[in-house]
Amino acid sequence: MSVAAERLRLPFPRPNVLDLAPLYEVLRRDAPITPVTTPAGDPAWLVTRYDEVKALLGDKRFGRSHPEPERASRITTAAVQDGPTGSYETEEADHARMRRLLTPAFSAKRMRMLSQHVQDLVDGYLDELTAARATPEDVVDLHSGLAFPLPVAVICRLLGVPESDRELFHTLSDRMASPSDGGEAHQAREEFSRYMVGLAEAKRREPGEDVITDLVRAQSADEAFDYGEMIRLCVGLLFAGHETTVNRIGLGVLFLMTRPEQWAALTADPEGRVDATVEEIMRLGAPGDLGLLRYAHTDVDIAGTTIRTGEAVILSINSANRDQSAYADAETFDPDRAERTHLGFGHGAHFCIGASLARTELRIVFATLARRLPGMRLAKGVDELPVRTTITGGVAELPVTW
């Protein structure tokens, strides 16, 4: 039986956190659109090849909403990235409004304001890690000491969350992204919702220079923009701005530590090479084993396959970014490659609105590591590192020394 005739089950086994499952290469070649069963046990189409993934990302015939949400396939039992969102009738207009609301949060002015804050945070975390080493042989955990706390501190600053509540955000983010216990994940979502309503009311009384204040002002001008929509936006920002950035930092460090020539090149010229290094981390650093969930809003024929109205489609960004037809030596970590058209931030109307923030954080992290810790090296092999149990995966520890 050919691979296209089988209903495969996600996630596919992968050798380690840096490599994708070998099955993706087979699917790109033989069955770029293939039926699968999601971790939640529902049917879906998996799209693995660069051309089809990019095309569907920009195809308005696919969306996040579903005409019959209660019958829609789910991808996981987590409280984020689980099933359909938004209104089927008004999705396009709602999405356009969402981008209008959030665009000021990622303006050049806000990014300039945040850049120094990010630099101060990174330097502070590295000061603490350095101070924790009593001898040159001591090992520190770069995950718990930098990769995990930094993105949530930044997203809290962006949203306007008090510094005293950062630990709460750590916990809620992990719980909402847990695929193993749907009840726990959705309980965390309810707790997050209650917290955000209280924070919004506080911002209504005392406005700040932050996203929640922006959204509260939008509520005052638009009665249709309710707390439910505000919470959906904030969950999306928390997930995209925290979970994925945590993993990109960890995976980026692993790529550089396991490729000494690339780490040496970056330490020799941090400012000159960091942009290209970050883009290659975005292309090749593959958090999670799933993809972006979309639903067909009409019957669509693509690559010889008919996808019916309401059927779920999972767009594997990770697989598309390693497609040999799109990139020379696609599996090689090469910041000097000519191709820069990765799909790590999506494509088209749904291109990640927070891309500028993610790039800012990653550039500062890797340039600072290269300047301050040029002798950094892994204290364990990649295969010895525990994996995070959230839907985005990544490593739960990152032991290093220098």
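Tabulated data for the structure shown
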quantity	calculated
Residue 118 vs. criteria assigned to a loop (DSSP other than H, G, I, E, B), hydrophobic (A, V, I, L, M, F, W, C), open to solvent by less than 30 Å² (accessible area, probe 1.4 Å) and touching a residue at least 24 places away in the same chain (Cβ under 8 Å)	no
Conditions (1) open to solvent by 50 Å² or more (accessible area, probe 1.4 Å); (2) closer than 26 Å to residue 183 by Cα; number of the one not met by residue 51	(2)
Any hit, the stretch 229-247, residues being buried (at least 19 other Cβ atoms within 10 Å of the Cβ) and not in a helix (DSSP H, G or I)	no
Residue 108 open to solvent by 50 Å² or more (accessible area, probe 1.4 Å), farther than 30 Å from residue 39 by Cβ and small (Gly, Ala, Ser)	yes
From the options 326, 358, residue that is of a type in the set (Gly, Ala, Ser), in a loop (DSSP other than H, G, I, E, B) and either touching a His at 6+ places or on another chain (Cβ under 6 Å) or buried (at least 16 other Cβ atoms within 10 Å of the Cβ) (or both)	326
Residue 176 being aliphatic (A, V, I, L, M) and free of Cβ contacts under 8 Å to residues at least 60 places away in the same chain	no
Cβ pairs under 7 Å, 6+ apart, first in the stretch 102-114 and within 9 Å of residue 356 (Cβ to Cβ), second modelled with pLDDT of 85 or more	106/353; 106/354; 106/356; 106/357; 111/356; 111/357; 111/360
Filtered residues of the stretch 80-95 (kept if assigned to a helix (DSSP H, G or I) and open to solvent by 40 Å² or more (accessible area, probe 1.4 Å))	92, 93, 94
The stretch 373-389, residues that are closer than 20 Å to residue 284 by Cβ and either touching a Phe, Trp or Tyr at 6+ places or on another chain (Cβ under 7 Å) or touching a residue at least 24 places away in the same chain (Cβ under 8 Å) (or both)	376, 378, 382, 383, 385, 387, 388
Among (1) free of Cβ contacts under 8 Å to residues at least 40 places away in the same chain; (2) open to solvent by less than 40 Å² (accessible area, probe 1.4 Å) - the single one residue 341 does not satisfy	(2)
Scan of the stretch 217-228 for residues that are hydrophobic (A, V, I, L, M, F, W, C) and not in a helix (DSSP H, G or I), ordered by number	224, 225
Among (1) in contact with a His (Cβ under 9 Å, 6 or more places away or on another chain); (2) open to solvent by less than 10 Å² (accessible area, probe 1.4 Å); (3) among the hydroxyl-bearing types (Ser, Thr, Tyr), the one test that residue 319 misses	(1)
Residue 397 under 22 Å from residue 140 (Cβ atoms), in a loop (DSSP other than H, G, I, E, B) and open to solvent by 60 Å² or more (accessible area, probe 1.4 Å)	yes
Filter result (under 13 Å from the mean Cα position of the chain (by Cα) and either open to solvent by 60 Å² or more (accessible area, probe 1.4 Å) or of a type outside the set (S, T, N, Q) (or both)) within the stretch 362-390	362
Residues within the stretch 260-312 that are assigned to a loop (DSSP other than H, G, I, E, B) and buried (at least 16 other Cβ atoms within 10 Å of the Cβ), tallied	10
Test: residue in the stretch 313-320 that is under 22 Å from residue 35 (Cα atoms), over 14 Å from the mean Cα position of the chain (by Cα) and not in a strand (DSSP E or B)	yes
Top-ranked residue of the stretch 1-38 - restricted to ones that are within 18 Å of residue 307 (Cα to Cα) and part of a loop (DSSP other than H, G, I, E, B), ranked as modelled with the lowest pLDDT	6
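The values are calculated or read from the model by the stated rules, or taken from the named source; none is laboratory data. Not measured: the values here are computed from a predicted model. Note that each Cβ is placed from the backbone with ideal geometry, even for glycine, and that neighbours are counted across all protein chains shown. All accessible areas refer to the heavy atoms of the entire protein, side chains included, with ligands and DNA or RNA removed. Shrake-Rupley method; radii C 1.70, N 1.55, O 1.52, S 1.80 Å.
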